[in-house]
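Okay, structure first, notes after.
The values are calculated or read from the model by the stated rules, or taken from the named source; none is laboratory data. Everything quoted here is computed from the prediction, not taken from an experiment. Cβ placement follows ideal geometry from the backbone for every residue including glycine, while neighbour counts extend to all protein chains displayed. Remember, those area values only see protein heavy atoms, side chains included, never the ligands or the DNA or RNA. Shrake-Rupley method; radii C 1.70, N 1.55, O 1.52, S 1.80 Å.
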Amino acid sequence: MTEEILVVNSDSALLQAAFALRREVFVVEQNVPLELEIDEHDTSAIHFVMKQNGKVVATLRLLSYGDQIKIGRVAVKQPLRRQGLGTKLMLRGIRYAAESGFSSVILDAQVISMPFYHTLGFIKEGTEFDDAGIPHMRMVLRL
């Protein structure tokens, strides 16, 4: 099986595949309204995709905020979850942040996913909040 993680340009067909995966995970599985899922930040974000055998199986996006970078829209194809793909993709995003000189990585984790992010070194910050009807918590990783 061939596996690769790529930075995706805004005019790439891979970006459309990433959006399709996000719709599958967030809109179909989690009932997030489409207008909240694909947003105005997508045009300025840095998008990563993981491909296996030529197909997009995971994605995330990065948004910079001064000396911080925010990871968001982390999605892995349902049948491939719990196989380490999310970890590999997150580590690639964190490495990008470190290599780019950011001081920390932040994310708004679904509360149910906090243990996953904690294993990567993220710690919770602030109080729980609602995003699209799903409980979330801000988490941070200092670089």
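Return the distance in nm (one decimal) between the two label points of a simple spin-label model at Glu29 and Ser10, each offset 7 Å from Cα along Cα→Cβ.
2.8
List the lysines whose Cα sits under 25 Å from the Cα of Lys124, skipping any in the same chain fewer than 8 residues away.
Straight-distance partners of Lys124: Lys70, Lys88.
Does the chain classify as rounded, prolate or oblate by the C-alpha gyration tensor (a ≥ b ≥ c root eigenvalues; a/c under 1.5 gives rounded; else a/b over b/c gives prolate, otherwise oblate)?
Verdict is rounded for the chain.
Quickly work out the Arg95-to-Thr2 label distance, labels modelled 7 Å from Cα along the C-beta direction, and quote it in nm with one decimal.
1.9
Report in % the part of the accessible area of segment 71-143 that belongs to carbon and sulfur, leaving out ligands and nucleic acids; probe 1.4 Å. Walk me through the numbers on the way to the answer.
Values: 2150 of 4010 Å².
About 54 percent, which is the carbon plus sulfur part of the accessible surface.
Given Cβ point charges of +1 (Lys, Arg) and -1 (Asp, Glu) and nothing else, what value in debye, to the nearest 20, does the dipole of the chain about its Cα centre take?
Approximately 620 debye in magnitude.
Per residue, how many Å² of accessible area does the chain show with a 1.4 Å probe?
On the way: 7730 Å² over 143 residues.
In whole numbers, the chain has 54 Å² accessible per residue.
May I ask you to list the residues of segment 99-143 whose amide nitrogen lies under 11 Å from a point 7 Å from Cα along the Cα→beta-carbon direction of Asp39?
108, 131-132
Multiplying the sequence separation of Lys55 and Asp130 by 0.36 nm and subtracting their Cα-Cα distance, what value in nm do you get?
23.8 nm
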